[in-house]
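Report on the structure given below.
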Amino acid sequence: MPDFLDELRDGLKRCDIGHSRLLVAVSGGADSVALLRGLVDLSSEFSLELFLAHLNHHLRGADSDADARWVCDLAMTLNIPCEIGEIPEGILPADASGMEEQARRLRYDFLDTVAAKFECPVIALAHTASDQAETVLHHLFRGTGIAGLCGIPPVRQTASGRRLVRPMLAINRAQVEAFLHEQDQAFCTDHSNTDTAMTRNKLRHVILPLLREQINSQVDAALCRLAEQATEIDEVLHHAASQLLARCLMDLQPDSCHLDVSVLADQPRHLIREMFCALWQKQDWPRQAMGFAHWNRLADMLITRKSVDFPNGIEARFHSDRLLVLRRV
C-alpha cells in the first residue's frame, strides 16, 4: 500500500500548495483528522501555517456537541488556532436532500468566513479517492453528462476568490485508516454515516462493496480514472464551446443577447449544446432546472426555427438569421 504521507505530498504539489496560510476543515472524522495530522507533519517542508475550522451542524444532538469539543481539544494539543461554528437548531430543512444541500452551502460559507478571519487564501478539504468514486457513481446513476463524470474537482475557487483544495483525492480510506493507526491517532465516528436510507451511505456500504465483490475489485480506482479522463475531455469541450460562443455572440445585454446562427452551421450537436451551457454561465442564468432535454431543444431550434420557453423565464426566439435569447425578469 502506498505511503499516506507520500501520497499527500504528491497531492499538495498537484494542488500547488506551499508557502501559505492554510485553513483545514476538520469534522473530527477519520479523513479530516488524517489530513490535519498529515499537514502538520509536512508543514515545514511546504512552509505552511495551519489553522483549523469546525462547523457544528447540531444534527446529532449531544454527539454533535461532543465532536466539536473533541476537535477543539485536538487543535489545542497540536497548538493550531481553531474556530468552532454552529448552525442553530431548526435552520436546516427536514427532508434529506434539502438538508444535505443547505448544510453544504452553510458549511462552505462558514469556511470562507473563517478563512477571511485568519487571512488564509487556501482552504483544504479531506475528500478522498473513495469519496470521488462514490460521487462519480452517484452522478452516473442520476443520469449525468460529461461534467458530472468529472466528480469532485481537486481545486476550485470560492465566490470570494479563495482556493478550495482537495489534496487527498488519490488516497483511499484504507490508507487513511492505516496512517491513523500508525500515528495512534483517535478520531470521531459519526454513526449517521451508516444509515443506508441516505443515498451516499447506500453507495458506500451496499452498492460499491457489491461491485468490488462481484464485478471489479478495483472499481474505485476505475471510477477515479474515469473522473480524470472526463475532466480532460470537459476542459477541451468547454474551451471549444467558449470559442464558438465568442464567434456567434452579438448584442450582449445582461438579460438578452443575439446569436448569429450561421456560425453554428455544421457544428457538432454536442458542441452546440455545450455552447448554450457556456452562454447560460456567461449570463449567470440559473442552470439547475436545465436538463439534457432543454439543451437538446436549443440545438433542435437551429433546424425547427420554433420559439421555445425554458425554466426561470428564459425564452428563445428567431429573428431572421439571428437567435434572440432573453430572460424576462
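Observations on the structure shown:
- Placing a label point 7 Å from the Cα of MET250 along the Cα-to-Cβ direction, no residue of the range 292-312 has its backbone N under 14 Å from that point.
- Note: relative contact order over the range 4-217, using C-alpha pairs below 8 Å and six or more positions apart, is 26 percent.
- Looking at the chain alone, DSSP beta bridges between its own residues are antiparallel in about 55 percent of cases.
- Angle between the chain longest axis and helix 62-78 axis [Cα atoms, degrees, rounded to 10]: 70 degrees
- Label-point gap, in nm, between ARG317 and HIS19 - each point 7 angstrom along Cα→Cβ: 5.6 nm
- Rounded to the nearest 20 debye, dipole of the range 227-327 from Cβ charges on Lys, Arg, Asp, Glu: 400 debye
- Its Cα centre serving as origin, the chain has a Cβ charge dipole (Lys and Arg +1, Asp and Glu -1) of approximately 1300 debye.
- Rounded to 10°, Cα long-axis angle of helix 96-118 versus longest principal axis of the chain: 70 degrees
- The length gained on full extension between ASP73 and LYS202, counted as 0.36 nm times the residue separation minus their Cα-Cα distance, comes to 43.2 nm.
- Modelled FRET efficiency - R0 30 Å, ASN216 with VAL236, Cβ distances, 0.05 increments: 0.65
- Once C-alpha pairs closer than 8 Å and six or more residues apart are averaged by separation and normalised to the residue number of the range 140-274, the relative contact order reads 21 percent.
- Option label - Rg and Dmax of the Cα atoms in Å computed here, alternatives [x] 20.3, 74; [y] 22.7, 72; [z] 22.0, 85: [y]
- Across the alpha-carbon atoms of the range 196-329, the computed radius of gyration and Dmax are 19.4, 59 angstrom.
- Burial ordering of ILE233, ILE123, fewest other beta-carbon atoms within 10 Å first: ILE233, ILE123
- Ordering GLU315, GLU182 by the number of other Cβ atoms within 10 Å of each residue's own Cβ, fewest first, gives GLU182, GLU315.
- For ASN56, the residues whose modelled amide H falls within less than 5 Å of its own, excluding neighbours fewer than 5 places apart on the same chain, are GLY85, GLU86, ILE87.
- Label zone at HIS181, where the point sits 7 Å out along the Cα-to-Cβ direction: the range 27-70 residues whose backbone N lies under 16 Å: 30-31, 34
- Along the range 142-159 the Karplus relation, 6.51 cos²θ - 1.76 cosθ + 1.60 evaluated at θ = phi - 60°, assigns HN-Hα couplings of 7, x, 7, x, 4, 4, x, 5, 5, x, 8, x, x, 9, 8, 9, 7, 4 Hz to successive residues, with x for each Gly and Pro.
- Residues SER47, SER64, arranged from fewest to most other Cβ atoms within 10 angstrom of their Cβ, appear as SER47, SER64.
- Computed label-point distance, nm, for sites VAL40 and ARG225 using a 7 Å Cα→Cβ extension: 3.7 nm
- Between ALA116 and GLN243, the contour length at 0.36 nm per residue exceeds the alpha carbon distance by 42.2 nm.
Every read-out reported here was derived from the displayed coordinates using simple, explicitly stated rules and does not represent laboratory data. Keep in mind the model is a prediction, meaning the values are calculated, not measured. Please note: Cβ atoms are built from the backbone with ideal geometry, for glycine as well, and neighbour counts cover all protein chains shown.
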